[in-house]
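Bear in mind that the values in this text are calculations on the coordinates, not laboratory data. Please read these numbers as outputs of a predicted model, since none were measured by experiment. All Cβ positions, glycine included, derive from the backbone under ideal geometry; neighbour counts span all protein chains shown.
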Amino acid sequence: MPIRTAPAPQGRPLYTPAQRQRRDASAWTLVQGVLAPVQFLVFLVSLVLVLRFLATGEGEAAATVSVVAKTLTLYLIMVTGCIWEKVVFGQYLFAPAFYWEDVFSMLVLALHTAYLAALVGGWLDARGLMLLALAAYAAYVINAAQFVIKLRMARLQGVPA
């Protein structure tokens, strides 16, 4: 029985051959490949701690530290992602191939930054902070899904028909 491969998606390819070569040659691709699952793991731990605090009122400090850690990993992956985008596409943000992912990333950054501002400014109580963290996390999950879908498209485009 022959092995069947999925057809490449129609439309404009995600990468030109030159962009694909730059992507594959860049150390920033590996950095992104390592940071993405690290950030997801930090997110999962933090999500559990935030939900535990909201459900029981216990573990406020751990939940707070975890949200700050998640936010810092987000900043790190965003900065290195901008560098990656510059190397591959010639611009730091909003390259056509990742335009909508970058737009939504701005919302994710805004929500995480709002959390830090509210924490430092004392603008919300602990419950309000954790609810803001959950809003930031919901946006993060949507954004992560956008990138996973885009990377899946890139893989399919690289499959010979």
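Normalising the average separation of contacting C-alpha pairs (under 8 angstrom, six or more residues apart) by the number of residues puts the relative contact order of segment 35-161 at 23 percent. Note on residue 72 and residue 155: with the Förster distance fixed at 41 Å, the Cβ-Cβ geometry gives a FRET efficiency of about 0.90. Between residue 31 and residue 52, the FRET efficiency from the beta-carbon distance, with R0 = 35 Å, is close to 0.65.
Against the empirical curve 2.2 N^0.38 Å, the C-alpha radius of gyration of segment 17-155 lands at a ratio of 1.13. Note on residue 127 and residue 41: with the Förster distance fixed at 22 Å, the Cβ-Cβ geometry gives a FRET efficiency of about 0.30.
Here the simple spin-label model places points 7 Å from the Cα toward Cβ, and for residue 61 and residue 82 these points are separated by 3.4 nm. With springs only between Cα atoms under 10 Å apart, run a GNM on the chain and tell me which of 56, 113, 64 wobbles the most. Per the Cα network of the chain with a 10 Å cutoff, 56 tops the list.
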